[in-house]
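This report concerns only the one structure given below.
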Amino acid sequence: MRRVVCPGSFDPVTNGHLDIIGRSARLYDEVTVAVLINVEKSSLFTVDERIDILQAVTKDIPNVKVRKFHGLLVDFCRQNDIPAIVKGIRVVSDFDYELQMAQLNYRMSGVETLFMPTNPEYSFLSSSRVKEIARYGGDVSGLVPDLVHKLLIERLRG
Ligand code: PNS
């Protein structure tokens, strides 16, 4: 079985993430969406909330599963017998950062990284920008799944 992992913070998942997850699911037998447990970074949604959201918005893609992890991504890959990581690249500056991480991950473990160009429709999109726009009352519909839109409004209101 060909397996790949789509890792990230997903705080919250955006339509850009979903595009990469969906396209990966067409290429691989099984896609594991891995949510980083990062105690050093404050987040809007808890890890378990993010997992519930990811499960809801990927429920129609049968070969996607959602898990959490802490520590090194390559350890998670080894523990779950996943030989490759897929990363979306939005802009050239993403590549600088991702290349270094991909090379380190390969050096540490032999786990490969595949880069997938983001759909240009979403190349400007990030979870941080979505939160900022929503926090100040801007409209994020079309940038995130409807469920996330609803939850963002609930969470950030008042
Ligand atoms: O959505 P994000 O926050 O850009 O995702 C970053 C993530 C989770 C993919 C990255 O920070 C990660 O893999 N963290 C786990 C720790 C690790 O393995 N670091 C790489 C060392 S080269």
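Values for this structure:
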read-out	value
Whole-number percent relative contact order across the chain, with pairs defined as alpha carbons under 8 Å at least 6 apart	28
Modelled FRET efficiency - R0 25 Å, F115 with R157, Cβ distances, 0.05 increments	0.10
Euclidean distance of C-alpha centroids, segment 42-103 and segment 9-27, integer Å	9
Gained length - S126 relative to R67, 0.36 nm times residue gap less alpha-carbon distance	19.2 nm
Computed E for I133/N80 - FRET, C-beta separation, R0 30 angstrom, nearest 0.05	0.30
Per DSSP, loop trypsin sites (Lys or Arg not before Pro) in segment 1-91 with at most 13 further Cβ within 10 Å	R2, K41, K59
Prolate/oblate/rounded call for segment 60-116, Cα gyration tensor, a/c under 1.5 rounded	oblate
Distance-filtered residues of segment 26-55 - backbone nitrogen under 14 Å, label point 7 angstrom along R107 Cα→Cβ	none
Considering only the chain, percent of DSSP beta bridges that pair antiparallel, nearest 5	0
Too-long pairs where the Cα-Cα distance tops 22 Å, listed order kept, from K59/K150; K65/K87; K59/K131	K59/K131
Shape category assigned to segment 1-134 from the gyration tensor of Cα positions, a/c cut at 1.5	rounded
Estimated vicinal HN-Hα couplings, Hz - segment 55-69 in sequence order (Karplus 6.51, -1.76, 1.60; Gly, Pro = x)	5, 5, 7, 10, 4, 8, 10, x, 9, 10, 10, 10, 9, 10, 8
Backbone N under 18 Å from the A56 label point (7 Å along Cα→Cβ), restricted to segment 1-30	10-19
Rounded percent of accessible protein surface that carbon and sulfur make up, segment 29-158, 1.4 Å probe	52
Full-stretch length increase - R2, D146 - with 0.36 nm per residue and alpha-carbon distance subtracted	48.8 nm
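The values are calculated or read from the model by the stated rules, or taken from the named source; none is laboratory data. Just so we're clear, the structure is a prediction, and the values are computed from it rather than from any experiment. Counting neighbours? That spans all protein chains shown, and the Cβs are built from the backbone with ideal geometry, glycine included. Heads up: the accessible areas ignore ligands, DNA and RNA and are worked out on the full protein's heavy atoms, side chains in. Shrake-Rupley method; radii C 1.70, N 1.55, O 1.52, S 1.80 Å.
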